[in-house]
Amino acid sequence: MSAIVFFETANLALIREFYQNKLALDVFKDQGRCLIFELGNMKLGFCSADAAETQGTITFVYASREKVDEAYFRHLDIATTKPEQSDFFKIYHFWARDPEGRNLEFQCFLKAEELEEKQKAIRILNPDPDKPKLLLTRMIPDNAVQKLKRVFEVHANIFDRNLSAAEIKAEIGGKDALLCLLGDSIDKDLLVAADKLQVISNYAVGYNNIDIDYAQSKGIAVCNTPGVLTETTADLAWALIMAAARKVTEAERLVREGRFLGWEPLMLLGQDVHHRTLGILGMGRIGQAVARRALGFGMNVIYHNRKELELDFPAEAVDFETLLRESDFLSLHIPLTSDTRHMIGKEELGMMKDTAILINTARGPIVDETALIDALSRDRLFAAGFDVYEHEPDIPRELLALDNVVLLPHLGSASLATRAAMGELAAANAIAIVTGEEAPARIV
Ligand code: DGY
């Protein structure tokens, strides 16, 4: 039996034009104010009405992935996502938006064997059995991919979705090099399967995702991308400082939601940034770049760092407790290690001024998120600006619900130039190790 799914529409002519001419659906019945299209054994009905129904999703079901891909290329101009495999729903699908703003979904059901063959996400970009093999866990800027292809046979995740640990493990055997991301957990379990691996090149400066000791014990070199992202990450820390202090994102939401009714003396009052005290926890490359920018704002800079430093700009070294108590803005720039996990917890937040603003562009688990949510919701802290999260990419609902926090999706190094530079360096690291040269940025 075939079902007819009816939708009301404000513009039947537009629907006719779109579904008949653009999607090439056959008209099953045309009754003037009601038009029915045939789609396999399903029928889509449209009735004219005063107000268009924009709720709901119209689903087009195809027999195979290839047909979904064909549909995608036909509807590139209205597609809102790329085709992707959803293991949860066991479908391969993409989304689009029709001229009346309806959601369209184009999908096929995956067969059991297709689901098992997850490694299909990995394709060889340049088959060449004579070259060493490199596994690339996500697509990175093309300059780097081209550079890698000159030396390696590149096995790349062309679906450009996150790979599970099991998927990476299934691919790592026989590979000479791995170019991976900060979200890929390169632990002992995975490295046991790495029978030929000479180098792990992390596309990030942080490397808390890698079991460095085990890699070293297996003689695998580990490299990262320091330096090239310093200034870009410092810029983003400043974007968070400014946005959190002056309630920029909260204010933008107000404008977009039509709640701006004119200038008000008491509306959205923030904290000044200029001439306040900026505290830096971890005065490494990025910490220093953030601190240098503060001088332009006439700020007083204090910092706490494991090692003593000689700096070429004015900044006072203080103990950890003084840093917490005196900072108007506290910006975190330490690596994540077992010593720094939850280094900012309930007690530390309790020592901070209730007008203070906490900025984290380093690693999420440095801050105890539960304690942070508690401090922010009780106005024990004025605001926070976060680019990283304790259980990334999951963000607690309670944090999302707060107005006094600016939340970004780990964008520290996300400028075109910097991501390209990171690609160059990550590629150079992998190439150097397999060709017996000294790698530009080797950790072990
Ligand atoms: C890094 O490189 O560690 C950053 O977090 C990426 O932006």
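The values are calculated or read from the model by the stated rules, or taken from the named source; none is laboratory data. The structure displayed is predicted, hence computed values, not measured ones. Here the Cβ positions follow ideal geometry from the backbone for every residue, glycine too, while neighbour counts run over all protein chains shown.
Just a few scattered comments:
- Any hit, the range 338-359, residues being within 13 Å of the ligand (Cβ to nearest atom), of a type outside the set (Lys, Arg) and either in the same structural domain as GLY279 (by TED's automatic domain parsing) or on the phi < 0 side of the Ramachandran plot (or both): no
- As a summary of the residue check, THR249 satisfies the conditions (1) outside any loop (DSSP other than H, G, I, E, B); (2) without any contact (Cβ under 8 Å) to a residue 60 or more places away in the chain except for the one numbered (2).
- Any hit, the range 401-411, residues being closer than 18 Å to TYR207 by Cβ, surrounded by fewer than 23 Cβ atoms within 10 Å (Cβ to Cβ) and within 13 Å of the ligand (Cβ to nearest atom): yes
- The range 363-395, subset part of a helix (DSSP H, G or I) and small (Gly, Ala, Ser), residue nearest to the chain's Cα centre (by Cα): GLY364
- Number of the condition not met by LEU330 [criteria: (1) under 25 Å from GLY227 (Cβ atoms); (2) part of a loop (DSSP other than H, G, I, E, B)]: (2)
- When the range 208-259 is filtered for residues that are closer than 30 Å to ASP195 by Cβ and polar (S, T, N, Q), the ones remaining, listed by number, are ASN208, ASN209, GLN216, SER217, ASN224, THR225.
- Criterion: among the hydroxyl-bearing types (Ser, Thr, Tyr), exposed (fewer than 15 other Cβ atoms within 10 Å of the Cβ) and in contact (Cβ under 8 Å) with a residue 60 or more places away in the chain - qualifying residue of THR337, THR361: THR337
- Residue match in the range 340-348 (condition: in contact with a Phe, Trp or Tyr (Cβ under 8 Å, 6 or more places away or on another chain) and in a loop (DSSP other than H, G, I, E, B)): no
- Some residue of the range 342-354 being surrounded by fewer than 23 Cβ atoms within 10 Å (Cβ to Cβ) and under 30 Å from ILE140 (Cβ atoms): no
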